[in-house]
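Below is one structure, written out as C-alpha cells; comments come after it.
Values in this text are rule-based calculations from the coordinates and carry no lab data. These numbers were taken from a predicted model, which means no experiment stands behind them. All Cβ positions, even for glycine, are placed from backbone atoms using ideal geometry, and neighbour counts span all protein chains on display.
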C-alpha cells in the first residue's frame, strides 16, 4: 500500500514538474494536482478544503497520507506563486506545515532513542 502511494506520488510529481516547468501551463498543472489529491489520498480536495485540521487528521488517518497531503499542499503553493497568488500560497504553506506536524505527532517514537 505504501509503495503504491509512493509510486503515485512520484508519477504526480513528474506530471506536475513537466506541466509547470516545461509547458509553463500552471492551470493544467493545477488540474493535475486536483486529480492527485483524489488519486493519492482517496479524498477530493474540495472536501479537505472545507474541514479543519483535526478533521483532516481523522479523515486521512495515516501518516503516509498526511505526508502526501502536506507535499501536495506545498506543490500547489509553488504553482500558485507562479501565478502571483502569494496570499493563497502562504495559506497553503501554513496548512502544509500544520499537516506535517500532525504526521510527526502520529509517528511512534523510536524506542532506541
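Summary table below
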| item | result |
| --- | --- |
| Conditions (1) under 14 Å from the mean Cα position of the chain (by Cα); (2) without any contact (Cβ under 8 Å) to a residue 60 or more places away in the chain: number failed by residue 25 | (1) |
| All positions within segment 63-109 that are more than 13 Å from the chain's Cα centre (by Cα) and within 17 Å of residue 44 (Cα to Cα) | none |
| Residue 100 in contact (Cβ under 8 Å) with a residue 12 or more places away in the chain, surrounded by fewer than 18 Cβ atoms within 10 Å (Cβ to Cβ) and in contact with a helix residue (DSSP H, G or I) (Cβ under 6 Å, 6 or more places away or on another chain) | yes |
| Subset tally (residues that are surrounded by fewer than 17 Cβ atoms within 10 Å (Cβ to Cβ) and either on the phi > 0 side of the Ramachandran plot or in contact (Cβ under 8 Å) with a residue 12 or more places away in the chain (or both)) for segment 79-97 | 5 |
| Checklist (1) within 16 Å of residue 103 (Cβ to Cβ); (2) crowded, with 16+ Cβ neighbours inside 10 Å applied to residue 58, failing item | (2) |
